[in-house]
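Worksheet for the structure shown next.
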Amino acid sequence: MLPLRHRLGVVHALAKGGVIAYPTEAVWGLGCDPFNRGAVEKLLALKHRPAHKGLILVAADLQQIAPLLVGLNASQRQQLQDTWPGPVTWLMPDPNHWIPQWVKGSFATIAVRVSAHPVVRDLCRAWGGPIISTSANRSGEPALRSEWALRRHPLLQVDYLIPGATQNRKKPSEIRDLQTGRVIRAG
């Protein structure tokens, strides 16, 4: 469980529109409040990532993404339960337009993962909902796999860093389309 000072620090940073850094299953991640457009734009600028590419949401559990579960059939719900928590990101419909377009980019779906990493789960619980999760590197550069590498990177300035370690997965999360079952990125 995250120590109280980190829970308070991350909630404060996110509430102020900040960008945070934290360990995930395979790489260090950057996150922010998905419902704060300024925070998302700040994160995209740090990464030099085009907005049209969209971003991933990460959550502690299914309850944190309940609005996205509306309209899913039993088979789709079972696929989520079979792979979460874990390193599978699903492209899901957003039937009620709960997630802002600035998170989805040029897509109608939203990429979502319920993480198995205890730090990620704790920070989502502390925040009270899902956050953006994208690799902590500039677009096109290698992913940062250690806290040491993140701290040495001269161009990535974040508002709060949660110390910790990745779970040493060799590949980032697999991405699958929930409606078609197609694997977009092997994990």
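Readers should treat all values here as calculations from the given coordinates under stated rules, not as data from a laboratory. Everything numeric here is computed off the predicted structure, so don't read it as measured data. Reconstructed Cβ throughout: ideal geometry from the backbone, glycine too, with neighbour counts over all protein chains shown.
In the chain, helices alone account for a calculated mean residue ellipticity at 222 nm of -8000 deg cm²/dmol, with every DSSP H run of four or more residues adding -39,500 (n - 2.57).
Within segment 4-185, how many lysine pairs that are 8 or more places apart, or on different chains, have C-alpha atoms less than 18 Å apart? Please report the intermediate quantities before stating the final value.
On the way: K16/K42; K42/K53; K42/K104; K47/K104; K53/K104.
Value for segment 4-185: 5.
With the charge dipole of the chain set up from +1 on Lys and Arg Cβ and -1 on Asp and Glu Cβ about the Cα centre, the Cα lying farthest toward the positive end among the listed residues I184, P34, G129 is that of I184. Can you work out the base-10 log of I(q)/I(0) for segment 29-118 at q = 0.13 1/Å, using the Debye formula on its C-alpha atoms alone? These q points yield log10 I(q)/I(0) values of -0.43.
So if I place +1 on the C-beta of Lys and Arg and -1 on the C-beta of Asp and Glu, and nothing else carries charge, what would the dipole magnitude of segment 4-185 be about its Cα centre? I want it in debye, nearest 20. Write out the running numbers ahead of the final one.
Working: 23 positive and 12 negative charges, 83 e Å.
Computed about the Cα centre, the dipole is about 400 debye.
For the chain, DSSP calls about 60 percent of its internal beta bridges antiparallel.
What the phi angles of segment 131-138 give under the Karplus curve with 6.51, -1.76 and 1.60, with θ = phi - 60°, is a coupling list of 10, 5, 9, 9, 4, 8, 7, 5 Hz, glycine and proline written as x. Rounded if a/c is under 1.5, else prolate if a/b beats b/c, else oblate: with a ≥ b ≥ c from the C-alpha gyration tensor eigenvalues square-rooted, which is segment 84-149? Oblate, since a/c reaches 1.5 and b/c is not below a/b. Two numbers describe the Cα atoms of the chain: Rg and Dmax, which are 15.3, 47 Å.
Each Cα pair under 8 Å and six or more residues apart adds its sequence gap; the mean of these over the residue count of segment 4-185 is a relative contact order of 36 percent.
Here the Gaussian network model covers the chain, with springs between Cα atoms less than 10 Å apart; of A59, A13, A108, A108 fluctuates the most.
Using θ = phi - 60° in the Karplus curve 6.51 cos²θ - 1.76 cosθ + 1.60, the 3J(HN,Hα) couplings for segment 10-20 round to 5, 5, 4, 4, 5, 5, 8, x, x, 10, 10 Hz; x is entered for Gly and Pro.
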